[in-house]
There are 4 protein chains.
Amino acid sequence: MNTYIKEHIEKFQEVNKNRGRLLVSCSDQPGIVSAVSHFLFSYQANIIESSQYSTNPEGGVFFIRIEFECPDLKEKAKDMEKQFANIAEKFSMEWKLSHVYLVKRAAIFVSKEPHCLLELLWEWQSGDLMAEIALVISNHEDARDAVEGLNIPFYYIPANKDIRKQAEAQQLQLLTEHEIDFVILARYMQILTPDFVAANPNKIINIHHSFLPAFVGAKPYERAHARGVKLIGATSHYVTNDLDEGPIIEQDIARVNHHDDVDSLKKIGRRIERSVLARAVKWHIEDRIIVHQNKTIVF
Amino acid sequence: MNTYIKEHIEKFQEVNKNRGRLLVSCSDQPGIVSAVSHFLFSYQANIIESSQYSTNPEGGVFFIRIEFECPDLKEKAKDMEKQFANIAEKFSMEWKLSHVYLVKRAAIFVSKEPHCLLELLWEWQSGDLMAEIALVISNHEDARDAVEGLNIPFYYIPANKDIRKQAEAQQLQLLTEHEIDFVILARYMQILTPDFVAANPNKIINIHHSFLPAFVGAKPYERAHARGVKLIGATSHYVTNDLDEGPIIEQDIARVNHHDDVDSLKKIGRRIERSVLARAVKWHIEDRIIVHQNKTIVF
Amino acid sequence: MNTYIKEHIEKFQEVNKNRGRLLVSCSDQPGIVSAVSHFLFSYQANIIESSQYSTNPEGGVFFIRIEFECPDLKEKAKDMEKQFANIAEKFSMEWKLSHVYLVKRAAIFVSKEPHCLLELLWEWQSGDLMAEIALVISNHEDARDAVEGLNIPFYYIPANKDIRKQAEAQQLQLLTEHEIDFVILARYMQILTPDFVAANPNKIINIHHSFLPAFVGAKPYERAHARGVKLIGATSHYVTNDLDEGPIIEQDIARVNHHDDVDSLKKIGRRIERSVLARAVKWHIEDRIIVHQNKTIVF
Amino acid sequence: MNTYIKEHIEKFQEVNKNRGRLLVSCSDQPGIVSAVSHFLFSYQANIIESSQYSTNPEGGVFFIRIEFECPDLKEKAKDMEKQFANIAEKFSMEWKLSHVYLVKRAAIFVSKEPHCLLELLWEWQSGDLMAEIALVISNHEDARDAVEGLNIPFYYIPANKDIRKQAEAQQLQLLTEHEIDFVILARYMQILTPDFVAANPNKIINIHHSFLPAFVGAKPYERAHARGVKLIGATSHYVTNDLDEGPIIEQDIARVNHHDDVDSLKKIGRRIERSVLARAVKWHIEDRIIVHQNKTIVF
């Protein structure tokens, strides 16, 4: 990693050494917020940001994300985890306590088109995307220079449907070796096998080049052009085994008109894809996304 | 019609008494613009606005819309039509010469939900929608007061799939009696028969409450909610016999999130539907729309 | 009030009879959320929605808005107020406990241009704006029919700078008689005196027809046209005694181009003004807006 | 220049070897389009795209931009220029005939913040910005690596108000040596002298980090934050000697809220600045912009 990116990250870790996040979901009922906030207060934690949502106050599912500042978090963390388990048991909660200074480690997969990869690298260099980009994997050599120029390891792994299993075996091994927390498909044009997806639930973020559920599948810009739509879009979603049917994280659109041919739609679309994927990745890194019944709650 | 709306229209007609529009399409080739503009100049017409588009300069189809100011247009109109026919023959043109002071006559069809109808009536009252709203037809009585309060004839014609033919016979007769130029389906929730559609090619404007081609058919807001999209939309299109597959005129979207239930999506959607339909109607009235191969060119 | 609007409101009140809102601000410190949520839990209240913000976790000001469902709220309300006062004292809180079934009473002021008034009336009729529109005051007669047609009292009070004091005396008396909670200036083109404003702090919502702080003052569309901007906007804000300098609640914009003359800008602008004001009013009604140092926090 | 960018440009030049653009302005009167289109037809030129605008059909100024395909344009160009001069004289036209294969040569000026420069370089590498970036000039060394990595000459010229004259002398000499057609100020934080500006009329494109005319001058994000606006923006304009008062080419905005501090506004703003400047540069390169009375017509 380049020195100045390392400095970005180290500064971020210092600033956030006492910053924690608590994500909880359980059956909605009175007393949840009271119990959770009392718990945090008992550790002198100050709640900095809090968002909650209930599918239905009567018998629905309740979700909360709390970001807090807690003196000596590192030292207290283990004990907090242990103590919170008691509360969680009482309310039958699913929960996660995360420490902001533990920066997430990402792998980026890319094929030939570099625009989404370049956007992420730029955000990363400028300190706007606070993750460790641990490696880039591609089935083409095109992006090698741009990636290695930033001292990020680049792995060329040929892939097509005939050699999918071998390719994925290599990929999974690299993810393990590099202790990857999540995978970004930055216009990676290969389908992943159910095994690969199952090994990374809600940990693979894809960018699809259409406004889903319109134009599921291949060649969305060509089909958007044929249909004569007046807006085109892009969609970032978690990957599941139903093609382009995973939980949607973010979408955006741009206006087009009859002058725009397919190439022009692609050019306009690249700008949307870049920003939609960058926002989705940012929210994932900040633990803002909860998946529930194939939909996302973005806090 | 109310006196002040009548005044709006009369003033518009006076201002536009010499204003004409020429729409032309033909095989692309050098010399078209030269011939058309020379023709207009020979009548002392001044070109006020001109837009053109070619599907492909080599062997494609060429489209042009010209708005012009021509002294004594009323007197010259007949002769212009006759003379232009010669040019049109030479280039094998499809064409239409229209006179702006001949305000188009519209029929609005509506079912229970009044928001799109009300939007059109408001735009009309404020002079922003320059058509004669000749009548409103509904399969419910709900809108009668709002419509008759503006001295517009209101016809209640019950409709459902069992009595479709009789209902359409009545409707078509009314369209003829009132010399209707085009029909606006302002959330009219009945399917039209192929006969009705065939009788009004590219003359029926619908508003669909989704971002087509996503959620073709019934209950789009329910399905948008189920899919967890982050944007919802509305689409205005000409009606063809393929349900929701007609040429798209205009689309727009609004951002939503996990807090929005189906009712909330409908509420947000109503605002989009209103403005999308109003824009589509305005462009139709101004002869800005050309349909080509199930797509629209909007000049 | 019309019967069906009355029914809308009565249904809303029934649905929300146990729904309360608590707004709090105080110096940021650990323990606030814990104390407030414990208080609510002690009344069996279930937190439905909660939003918070701190200007600075270390020594800043903390704001929270909680919407809750509390069985038998009507009966408990008085006791809750009393008990919460103790907590409030401990943390030096400013606070407000409101009951959603007590629908707010609004007065709308309008001059000649009716579009913002009509938008509010339409949202009101369709049940999207849950307030009692108790009266409309205008310095012109134009809107009388539209208002009285909905059985809303309409008062014509001539106003100009020479008779401002008398006019405002009449207006203030009407506000008192009708027990008005807040005032909406729906394109009311008269300046209010400092006395009038002082009598209604953060209770007068204005719509300004520009993207503030651009084009403060008169004739913003004319000045936008002269400057050649590519976007025009509208701004809704609370009225203070600094002209167009009050806390901004909401803003929006639309794209324009060189074809748009001043009339066209006004036409486009009317659509923005309508929706921006409607959103601001909705947020005010739902107690979502907190004013702090001439800025708004919109929860 | 890198080989692959050179290939992009050479391919573009080959495709556009017969493509021309004609820009004309003169007093509005009948016969202009007829004369111009007849002229083009006489050279067998086919009009591909045509846009026109009149400030007022009666006595106003008329503008037209025509893009055409003309066989053997290179050979005919000189003669066309000569012949068109006759038409131009008759109508007292200002006009420009340009050849698309003559790719424009740009100089980019930048200070410390690299995001706008990087955006332009990316668009350039991907073939979306069809100009020759002949050199980059900066008053800081930061961007040297990124620029020289693409084989673009980088010149470090220190600049501040005390040495402005010397700095500009060096800059102007470089512009001459490199035969620069236009200058892009990609967040160049130095004021240019009237002499520098006068030497490059409508040839210097700036990006201002606010929604002009709001927040003219320094520190716009800080002032936007202080005012509590709900939208922030960026503006690209030609540089004149009135600070931030030059003709606006393009603007865009993004939504912000009370959570966004000044740093967050800057981060969001960078994305707007990048895309607004890129669009303005693209339109300039394509000869789409005409300046008239300190406003732009963008065709």
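The values are calculated or read from the model by the stated rules, or taken from the named source; none is laboratory data. Bear in mind that the values here come from a model prediction, so they are computed numbers and not experimental data. Here the Cβ positions follow ideal geometry from the backbone for every residue, glycine too, while neighbour counts run over all protein chains shown. Side chains included, ligands, DNA and RNA excluded: accessible areas come from the protein's heavy atoms. Shrake-Rupley method; radii C 1.70, N 1.55, O 1.52, S 1.80 Å.
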Review point. So which residues in region B:158-198 are basic (Lys, Arg) and open to solvent by less than 70 Å² (accessible area, probe 1.4 Å)?
Key: B:164, B:187
Study note, to complete from the structure: Scanning region D:203-225 residue by residue, those touching a residue at least 40 places away in the same chain (Cβ under 8 Å) and surrounded by fewer than 17 Cβ atoms within 10 Å (Cβ to Cβ) turn out to be D:222
Exercise for review: Would you check which residues across region C:3-36 are out of contact with any helix residue (DSSP H, G or I) (no Cβ under 8 Å at 6 or more places or on another chain) and within 14 Å of chain A (Cβ to nearest Cβ) and list them?
Suggested key: C:15, C:16, C:28
Exercise for review: Say whether the condition of being surrounded by fewer than 20 Cβ atoms within 10 Å (Cβ to Cβ), within 11 Å of another protein chain (Cβ to nearest Cβ) and more than 24 Å from residue D:180 (Cα to Cα) is met by at least one residue in region D:277-288.
Suggested key: no
Practice item. Could you tell me whether any residue of region B:2-24 is open to solvent by 70 Å² or more (accessible area, probe 1.4 Å) and in contact with a Pro (Cβ under 6 Å, 6 or more places away or on another chain)? Key: no
Study note, to complete from the structure: For region D:105-134 the number of residues that are touching a residue at least 24 places away in the same chain (Cβ under 8 Å) and open to solvent by 40 Å² or more (accessible area, probe 1.4 Å) is 6
Exercise for review: Look at residue B:148 and say whether it is farther than 22 Å from residue B:176 by Cα and modelled with pLDDT under 95.
Suggested key: no
Exercise for review: Give B:117, B:73 a once-over and let me know the one that is touching a Gly at 6+ places or on another chain (Cβ under 8 Å), farther than 23 Å from residue B:290 by Cα and at pLDDT 95 or above.
Suggested key: B:73
Check your understanding: In region B:82-127, how many residues are aliphatic (A, V, I, L, M), assigned by TED's automatic domain parsing to the domain that holds residue B:207 and part of a helix (DSSP H, G or I)?
Key -> 4
Study note, to complete from the structure: Of D:88, D:45, the only residue that is free of Cβ contacts under 8 Å to residues at least 60 places away in the same chain and open to solvent by less than 40 Å² (accessible area, probe 1.4 Å) is D:45
Check your understanding: Among the numbered criteria (1) crowded, with 23+ Cβ neighbours inside 10 Å; (2) within 22 Å of residue D:122 (Cβ to Cβ); (3) touching a Leu at 6+ places or on another chain (Cβ under 9 Å), which single criterion is violated by residue A:254?
Key -> (1)
Practice item. Give the residue, chosen from D:246, D:269, D:233, that is open to solvent by less than 30 Å² (accessible area, probe 1.4 Å), within 9 Å of another protein chain (Cβ to nearest Cβ) and modelled with pLDDT of 95 or more. Key: D:233
Review point. Right, residue B:65: under 30 Å from residue B:135 (Cα atoms) and within 12 Å of another protein chain (Cβ to nearest Cβ) or not?
Key: yes
Review point. What residue, of A:137, A:152, is touching a Leu at 6+ places or on another chain (Cβ under 7 Å), without any contact (Cβ under 8 Å) to a residue 60 or more places away in the chain and buried (at least 17 other Cβ atoms within 10 Å of the Cβ)?
Key: A:137
Check your understanding: What is the number of the single condition among (1) free of Cβ contacts under 8 Å to residues at least 12 places away in the same chain; (2) part of a strand (DSSP E or B) that residue D:78 does not meet?
Key -> (2)
Revision key, fill the gap. Of the conditions (1) under 18 Å from residue D:287 (Cβ atoms); (2) open to solvent by less than 10 Å² (accessible area, probe 1.4 Å); (3) touching an Asp or Glu at 6+ places or on another chain (Cβ under 9 Å), the single one that residue D:98 does not satisfy is (2)
Check your understanding: Across region B:166-220, which residue is farthest from residue B:247 (Cα to Cα) among those that are aromatic (Phe, Trp, Tyr) and within 14 Å of chain A (Cβ to nearest Cβ)?
Key -> B:215
Review point. When you go through (1) surrounded by fewer than 17 Cβ atoms within 10 Å (Cβ to Cβ); (2) without any contact (Cβ under 8 Å) to a residue 24 or more places away in the chain one by one for residue B:27, which number turns out not to apply?
Key: (2)
Check your understanding: Any idea which residue in region A:221-230 is nearest to the other protein chains (Cβ to nearest Cβ), counting only those that are of a type outside the set (A, V, I, L, M) and assigned to a helix (DSSP H, G or I)?
Key -> A:227
